[in-house]
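Everything on this sheet refers to the single structure shown next.
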Amino acid sequence: MRFSLILTICPTDNQQKIVDAAKAEGVTGATLLSATGTGVKEAKTFFGLSLDRPQETIIMVAERHCVPSVMKAIYDAGDMVQPGNGICFALPLDAVMGLESQLSVLKKKVEKYI
């Protein structure tokens, strides 16, 4: 099996539906990290306090055959067509360790793509 790392940066209020959508498409878990950032449009401030929505970075490992459908599910669940609703990208992984307990679930999910 070959794996990819899927990184999603989204508003905190979208993170649960994004994780649920990714799991429905074959991801077996996710790590959530609080984040701050900057984009094309700078954050609005009021007396020096940021008024931007809190952000999350969601880190997931997915089998490569599942990546397109996982990313589409993330994009749709996070309504990422709207400005400020996040970004999602995938990077290939050369090596992964520690997924032994999840391999049976991953194999079943991949069967529908092969």
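Values in this text are rule-based calculations from the coordinates and carry no lab data. All values reported here derive from a predicted model rather than from experimental measurement. Every residue, glycine among them, receives a Cβ derived from its backbone with ideal geometry; neighbour counts consider all protein chains shown.
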Label-point gap, in nm, between F89 and R2 - each point 7 angstrom along Cα→Cβ: 2.0 nm
Inter-site label distance for L33 and D76 at 7 Å from Cα along Cβ, in nm: 2.9 nm
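Within the chain, what is the longest stretch that has no chymotrypsin sites (Phe, Trp or Tyr not before Pro) placed in a DSSP loop and near at most 16 other beta-carbon atoms within 10 Å?
48-112
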Interatomic Cα distance distribution for the chain, bins of 10 angstrom, percent: 14, 44, 27, 11, 4, 0
Taking θ = phi - 60°, what integer Hz values does the Karplus form 6.51 cos²θ - 1.76 cosθ + 1.60 yield along segment 56-62, in sequence order, with x for Gly and Pro? 10, 10, 10, 10, 9, 10, 9
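Below 8 Å, C-alpha to C-alpha, sequence gap of six or more: please give me the relative contact order for the chain in percent.
The normalised contact order for the chain reaches 43 percent.
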Likely footprinting exposure, S4, S69, S104, fewest C-beta neighbours within 10 Å first: S104, S69, S4
Residue order, fewest to most beta carbons within 10 Å, for D94, D13: D94, D13
Cβ-placed point charges (K, R +1; D, E -1), dipole of the chain about Cα centre in debye, nearest 20: 240 debye
